[in-house]
1. Based on what the data block shows, is Thr41 without any contact (Cβ under 8 Å) to a residue 60 or more places away in the chain, of a type outside the set (Asp, Glu), at negative phi and surrounded by fewer than 12 Cβ atoms within 10 Å (Cβ to Cβ)?
2. Please specify each residue of the stretch 1-53 satisfying the condition of being acidic (Asp, Glu) and modelled with pLDDT of 90 or more.
3. Within the stretch 65-84, how many residues are farther than 30 Å from Ala32 by Cα and either at pLDDT below 90 or hydrophobic (A, V, I, L, M, F, W, C) (or both)?
4. Here are some residues: Gln88, Gln36. Which one is among the polar types (S, T, N, Q) and assigned to a helix (DSSP H, G or I)?
Amino acid sequence: MIRRLYMAALASLALSAGLYGVSLPAYATDQADQRQESRDTKQEGREASRETKEECKEGDEKSRADCRQDKRDTKQDTRDTARDVKYQ
């Protein structure tokens, strides 16, 4: 009798541990995908900010300080977008 209760308790414990172990890797994979997408967004933003600064310098209608500020603004917008992707 005690052995039967012990086996039932052990089986339910193993079942609950197994279900917990299955859901954890799925969450980790989703989180990794979000982080990767966020990093990709940031990289694209870096490239876009470089292009923005180069176009600004070639245009000669703004000062260097204004061009730097445009680059900073572009990078900050990209960071905000990446943050939204990561924490959605």
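The values are calculated or read from the model by the stated rules, or taken from the named source; none is laboratory data. For clarity, every value in this text was computed on a predicted model and none was experimentally measured. Every residue, glycine as well, gets a Cβ built from its backbone with ideal geometry; the counts of neighbours run over all protein chains shown.
1. Taking the combined requirement at face value, the residue does not satisfy it.
2. Correct list: Glu37, Asp40, Glu44, Glu47, Glu51.
3. 2
4. Going through Gln88, Gln36 in turn, the sole match is Gln36.
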